[in-house]
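Where a number appears in this text, it was derived from the coordinates with a stated rule and is not lab data. Computed from a prediction, not measured in an experiment: that's the story for all the values here. Virtual Cβ from ideal backbone geometry, glycine too; neighbours counted across all protein chains shown.
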Amino acid sequence: MEDGQRTQGSRRYVPPGRSFGPQQLDFPPVRNGIDYLASVVEHLDEAVSDVSARDLKYAVLHLQAAAEVLLKARLLREHWSLVFKDPGRASRESYEKADFESCGTSAALERLRDIAGIRFDGKEIQALSALAADRNALQHYGLTHNAAAVEARAGRVLDFLMRFLDKELLPLLSGSEREVATRDMAPVVEGVKNISSYVQRRSNRLRGELKGMEKSTIQCPECEQMTLVVAPGGGLCHFCGESWPSGYELANDYWLNNSATWGRPCPQCDDRTLTEGVIFADRAEADDALYCFTCTARYTSRELIPCAGCSRSWPIEAVVEGVDAPLCPDCYEQTEPEDVA
Ligand SMILES: [Zn+2]
Ligand SMILES: [Zn+2]
Ligand SMILES: [Zn+2]
């Protein structure tokens, strides 16, 4: 405070020779973001009341607002021009008048990663973009999606923002600003415990109910709980209730959500839904399972061998040793006459 002053009637610290500076802008957006989070928690706290469709709607809208405000608050710390949609065209004047188009959530994440060196994992980025999609859908059509899945997704973003605040924002505040922010955060931290313990309780209970089905239980692409029981031609998630009408659609959704590869023809049913990297509850640590979402055939990578003729994967025991390479029964049959001749 030695080289600065406080303006009369204002809590904002103004350094000498500068009327308005980005450093001073950290705090209001952080408080604003925490206020949005407090609203999210009020709406989602099961200990207060059941979560209605309306609660979920405002939770998602305010969560998205919190994400935008908090990510930008951290960007401001790097440079004020970074919150512009196009930083190359940023002007101090329009910034001070708050008259500009600002960058979206995904641009903010990219800039935080590239410029501030903040690391986000793929799941966090995915959760934020899923939330943005939920927000748009809710804003235009109301709640048409599965409420439990929307809630679970919102919980993940909430979790991410709490950590982001704790690690990336609160340490940048000092003195009374930090105290105020920490005080504002206290009820949010409490409320989040209720929300996550609710999700945790529910998924623990389901784990009990799904006991014995671990061999066919995978992570749900919709709510990301390990509660999707697969069956020939699809599956049903016991946490969010989502079901899939075909193995193809489930394979597609699973692939979008996981580091899996799919599109291989299945040795058993021929459908192109054999997917590599499917993680099952019975072997949660292994990611070498190949699973066919159409016929439920399941292999490990060691049990399959590519045919030298058609390059398709085949179970080792079905492959025939050809003249100089392993061949599948089909390819072997086709080459046989030539080999003989
Ligand atoms: Zn689910
Ligand atoms: Zn199959
Ligand atoms: Zn072949």
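General remarks:
- Cβ-placed point charges (K, R +1; D, E -1), dipole of the range 173-294 about Cα centre in debye, nearest 20: 420 debye
- Full-extension gain in nm, E317 to D50, via 0.36 nm per residue minus C-alpha separation: 90.6 nm
- Distance between the range 260-277 and the range 25-87 - C-alpha centres, whole angstrom: 41 Å
- Taking N as the residue count of the chain, its C-alpha radius of gyration divided by 2.2 N^0.38 Å amounts to 1.31.
- 10 Å binning of all Cα-Cα separations within the range 36-75, expressed as whole percents from 0 upward: 34, 45, 17, 4
- Globularity index of the range 233-317 is 1.08 (Cα radius of gyration / 2.2 N^0.38 Å, N = number of residues).
- Computed over the Cα atoms of the range 279-320, the ratio of the radius of gyration to the Kirkwood radius (Rg/Rh) comes to 1.03.
- Taking the fewest neighbouring Cβ atoms within 10 Å as the starting point, the ordered list for F280, F100 is F100, F280.
- Positive-pole candidate from A251, C240, L290, dipole of the range 236-315, charges at beta carbon: L290
- Within the listed set N204, N194, N257, the Gaussian network model of the chain (springs between alpha-carbon atoms below 10 Å) gives the highest mean-square fluctuation for N204.
- In terms of overall dimensions, the range 154-276 has a Cα radius of gyration and Dmax of 20.0, 67 angstrom.
- P(r) weight above 27 Å for the range 25-182, C-alpha pairs, percent: 25 percent
- Unit Cα scatterers, Debye sum, the range 62-141: log10 I(q)/I(0) for q = 0.24 Å⁻¹: -1.16
- Charge dipole (the chain, unit charges on Cβ, about Cα centre) - positive-most of H62, L131, Q219: H62
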